[in-house]
Amino acid sequence: MTTLSALVVVHNEEDILAACLERLAFADELVVVLDKCTDGSRDIALRFTDAAHLVEGSWEVEGPRRNAGLDACCGDWVVEVDADEHVPAALAEEIRAAIETSAADYHDLPVDNYVGGHRVRYGWGASFGTSAVPRLSRKGAKRWGEQRVHPALVWRGRGGAKAVKGPTLANRLDHYVDDSISDMLRRLDRYSSARARDLRESGNIGSLANNVRRFFSRFYKCYIGRKGYREGGWGFLIALCAGLYPLLSYLKARLEDA
């Protein structure tokens with residue numbers, strides 16, 4: 001029988017962690033990465049898995065802490081879930097069925113994003129949100145890059161060949177992305193500050209003209225191309241944040257001290 005590991009990466013998530021972990025009992029193994037946790041996250045994790053499946057440490061960059069979790073997983077397949085995400089029962093059943101028959105190396109999971117209690121299905125993209133995520137993969141097929149925010153992905157198929165992407169699953173992952181509009185704007189501030197540090201370290205922060213152009217292209221992509229207009233004001237807000245993200249990142253990289 002094909003085995004499945006569930007991986008959750010955590011930083012001080014005691015308020016929401018139990019609701020996430022209790023929905024992962026369908027996996028054969030649960031691995032929890034605890035990154036600089038100073039709250040009760042560790043005790044909560046131990047209610048659902050044992051100490052041997054906890055990875056504790058301190059990471060400054062997103063990619064390496066996720067890779068530490070992937071390395072600790074022993075299953076044939078790994079499903080990665082964030083603490084603010086829930087796997088509904090229908091998706092859990094579909095994941096178990098998919099790994100038994102799939103010839104691919106990874107699959108995307110479609111996502112329903114929630115702001116507070118409001119589901120916003122359309123308009124996500126352009127590095128400020130996503131409607132599908134590549135979170136179900138064979139052990140060893142996936143590595144995260146070194147970036148602080150939205151780390152790049154490197155895929156390898158079985159035997160070292162290029163990884164084969166399978167069809168996107170049908171059932172959706174529930175993502176409670178923001179508590180409110182104010183929380184969404186605070187996330188934009190965090191993301192753009194982290195991206196600004198990556199830009200400074202790369203030595204190529206880009207230009208004002210290019211990032212102004214990206215503001216309009218990303219707004220159009222989210223509001224029109226990804227049908228954000230169907231969400232009314234919510235879609236406009238998401239498109240606005242998506243357009244501002246690269247522009248704010250550039251301005252912070254250029255105008256602020258590291």
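The values are calculated or read from the model by the stated rules, or taken from the named source; none is laboratory data. Fair warning: this is a prediction, and the values are worked out from it, not measured in the lab. We place every Cβ from the backbone using ideal geometry, glycine too, and count neighbours over all the protein chains shown.
Worth pointing out:
- Residue in the stretch 44-60 that is under 21 Å from the mean Cα position of the chain (by Cα), under 21 Å from V154 (Cα atoms) and surrounded by fewer than 19 Cβ atoms within 10 Å (Cβ to Cβ) present: yes
- Residue match in the stretch 158-170 (condition: β-branched (V, I, T) and surrounded by 16 or more Cβ atoms within 10 Å (Cβ to Cβ)): no
- Within the stretch 135-147, considering residues that are within 25 Å of S193 (Cα to Cα) and out of contact with any Lys or Arg (no Cβ under 6 Å at 6 or more places or on another chain), the one modelled with the lowest pLDDT: Q147
For (1) of a type outside the set (D, E, K, R); (2) in contact with a Leu (Cβ under 6 Å, 6 or more places away or on another chain); (3) not assigned by TED's automatic domain parsing to the domain that holds R226, each residue gets a yes or a no:
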site: E93; (1), (2), (3): no, no, yes
site: P110; (1), (2), (3): yes, no, yes
site: N113; (1), (2), (3): yes, no, yes
site: R135; (1), (2), (3): no, yes, yes
site: R148; (1), (2), (3): no, no, yes
site: L153; (1), (2), (3): yes, no, yes
site: R156; (1), (2), (3): no, no, yes
site: R172; (1), (2), (3): no, no, yes
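- R66 being out of contact with any Lys or Arg (no Cβ under 6 Å at 6 or more places or on another chain) and in contact (Cβ under 8 Å) with a residue 40 or more places away in the chain: yes
- Looking across the stretch 10-41, the residues that are within 28 Å of E146 (Cβ to Cβ) and more than 21 Å from the chain's Cα centre (by Cα) come down to T38, D39.
- In the stretch 34-63, the residues that are farther than 18 Å from S5 by Cα, among the small types (G, A, S) and free of Cβ contacts under 8 Å to residues at least 60 places away in the same chain: G40, S41, G57, S58
- Considering residues of the stretch 35-72 that are part of a helix (DSSP H, G or I) and of a type in the set (A, V, I, L, M, F, W, C) only, the residue farthest from A141 (Cα to Cα): I44
- Close pairs from the stretch 120-140: first closer than 11 Å to T168 by Cβ, partner buried (at least 17 other Cβ atoms within 10 Å of the Cβ) and among the hydroxyl-bearing types (S, T, Y), Cβ under 6 Å, at least 6 apart: P134/Y106
- Of the residues R200, R254, R213, the single one that is under 24 Å from the mean Cα position of the chain (by Cα) and either farther than 21 Å from P151 by Cα or part of a helix (DSSP H, G or I) (or both) is R200.
- Among residues of the stretch 77-93, those that are over 15 Å from the mean Cα position of the chain (by Cα) and either modelled with pLDDT under 95 or surrounded by 19 or more Cβ atoms within 10 Å (Cβ to Cβ) (or both), counted: 3
- Selected residue (only one of Y106, Y191 is touching a residue at least 40 places away in the same chain (Cβ under 8 Å), among the aromatic types (F, W, Y) and assigned by TED's automatic domain parsing to the domain that holds E231): Y191
- Selection over the stretch 1-34 of residues that are in a loop (DSSP other than H, G, I, E, B) and of a type in the set (S, T, Y) gives a count of 2.
- Residue check for K162: assigned by TED's automatic domain parsing to the domain that holds G69, touching a residue at least 24 places away in the same chain (Cβ under 8 Å) and of a type outside the set (A, V, I, L, M): no
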